[in-house]
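Values in this text are rule-based calculations from the coordinates and carry no lab data. This is a predicted model, so every value here is computed, not measured. Virtual Cβ from ideal backbone geometry, glycine too; neighbours counted across all protein chains shown.
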Amino acid sequence: MKIEKLSPNRVKFTFDVTVDDFNHALDHAFEHVKNDVEIKGFRKGHVTRSVYESKFGVESLFEEALNHVFHHKFHDALANEEYQLVGDPKPIVDFEKVAVGKEFEVAFEIAIKPEVELPEYKGIEVEKFDNTVTDEEVNERLNKLAESETVLEPKAEGSLENGETAVFDFEGFADGVPFEGGKAENHELEIGSGQFIPGFEEQMIGMNVGEEKDVNVTFPEQYHAENLAGKPAVFKVKLHEIKKKVSPELNDEWVKALGRSEQTLTELKEALKKEVETEKSTNNKNVALDKALKVIAEATKVDIPVEMIDYEVNQALKNIENQAKQYGLDLQTYISLTGMQEDELKNRLKEEGELRILNSLIIEAVAKKEKFEVSEKEVVEKYDELSKHYNMPVDEIKKHLPENLVKTDIEFAKAVNFIFDNLKFV
């Protein structure tokens, strides 16, 4: 195997293919193609090699045989520890020299993970942040928790107000004619939620139970039903019931009913304070790191191979396509609903992907330069942490995440913490 560095991020591997190598590859190629060949006098998949070659020629096996050769030679290249290969290889072969009974060369070019020339990454100045949690923030979190425990109860008296839920019948008419999807009975709607056509909910405010009313609206120009888009309509509405939100009384009994570990309101507030403080600390740390990485990135010298960026973009597109499928949509329809063109989305994904790669390369380079070591104890603790997080046995986790990747993750985390610990807060 001969290795030639063509540029800072591209290498060429050249391999000798011996007579035995190519004969073995031809055997493999024949076994692969014979099942698709039909020749009179032979059952499908049972034609002999000599008969096949007399009819189609041994050259018909060359392409499949060369694919087999490249596959094995590429794995030999992956075993080389001098370079980290990225992307797909570009095969190179002189077909005029490919022949049975003769040695020849094959080669391929491939991108490699680039070398990173780091600037000074210690002592970067970032704005000092404050993780102090105020009583107002604790009460806001407490009220959100209480809001999630609210229930709807019938309103005994009074008219419909904003924020209350109406139970009503309605039927819509456009040009005096009922339209499809414009009728429902005992429909529940929170007034002010904006779920209905603009102006509809506002006109219901002030209605009393049992009251009937005509609600006049105009469908939006961009309405999904084209036959109604931009048209005026009248909805005949009858209000049956008004429901209002009833929040729980914030006391020790309510806290116990939550099923949390806290038993008193005081304990709950203290726990919520710690939750907010942890979130603030994590968020502030991430903001500071983002600013620091931006400063480092601006002065970092690195030539990112286009293959790395293309891979990031393709993975992001696959994720978006999977999201679209969950909604029963194809990729093009899903993209159109975002209000972007496909090229616009790809450009945005490219920018985001390039930034992720750059930050990752920087952190990896810091880890390498600082020579962080990972102990066996740290690996065991990481597997235990992942096991608890995913509720899976450690052995099962190891099948999906080998030890070398776990060590890389730990080194990565150490580098991130090192950058943060060496920031200068001003």
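Brief remarks on what is shown
- Value in Å of the Kirkwood radius, where region 217-350 supplies the Cα pairs that are averaged: 22.1 Å
- Principal axis dimensions, largest first and in whole angstrom, of region 158-225 by Cα: 35, 22, 17
- Hydrodynamic analysis of region 206-294 uses the Kirkwood radius over alpha carbon pairs. Inserted into Stokes-Einstein at 25 °C and 0.890 mPa s, it gives a translational diffusion coefficient of 127 µm²/s.
- Taking trypsin sites (Lys or Arg not before Pro) across region 113-205, the ones in a DSSP loop with at most 13 further Cβ atoms lying within 10 angstrom of their Cβ are 122, 128.
- Full-stretch length increase - residue 109, residue 294 - with 0.36 nm per residue and alpha-carbon distance subtracted: 63.4 nm
- Gap separating the Cα centres of region 363-421 and region 20-91, nearest whole Å: 40 Å
- Within the chain, helix-based [θ] at 222 nm, where runs of 4 or more DSSP H residues each add -39,500 (n - 2.57), nearest 500: -15000 deg cm²/dmol
- Net length available on complete extension from residue 216 to residue 40 is 55.5 nm, with 0.36 nm assigned per residue and the Cα-Cα distance removed.
- Global form of region 1-160, assessed from the alpha-carbon gyration tensor, a/c cut-off 1.5: oblate
- DSSP beta bridges fully contained in the chain are about 95 percent antiparallel.
- Region 296-332 versus region 173-209: alpha-carbon centroid distance in Å: 43 Å
- Rounded, prolate or oblate (a/c below 1.5 giving rounded, otherwise prolate when a/b exceeds b/c) for region 265-425 by Cα gyration tensor: rounded
- Applying 1/(1 + (r/R0)^6) with R0 = 30 Å to the Cβ-Cβ distance of residue 413 and residue 131 gives a FRET efficiency near 0.90.
- Radius of gyration, Dmax [the chain; alpha carbons; angstrom]: 33.5, 98
- Shown is the FRET efficiency for residue 55 and residue 23, computed with R0 = 25 Å from the Cβ-Cβ distance and rounded to the nearest 0.05: 0.80.
- Residues residue 31 and residue 275, FRET efficiency given R0 of 51 Å [Cβ-Cβ distance, rounded to 0.05]: 0.25
- Shape category assigned to region 48-110 from the gyration tensor of Cα positions, a/c cut at 1.5: prolate
- Taking packing as the residue-averaged number of other Cβ atoms within 10 angstrom, the listed peptides 192-205, 405-418 run from highest to lowest as 405-418, 192-205.
- Extension reserve of the residue 426-residue 147 stretch, reckoned as 0.36 nm per residue once the Cα distance is removed: 96.5 nm
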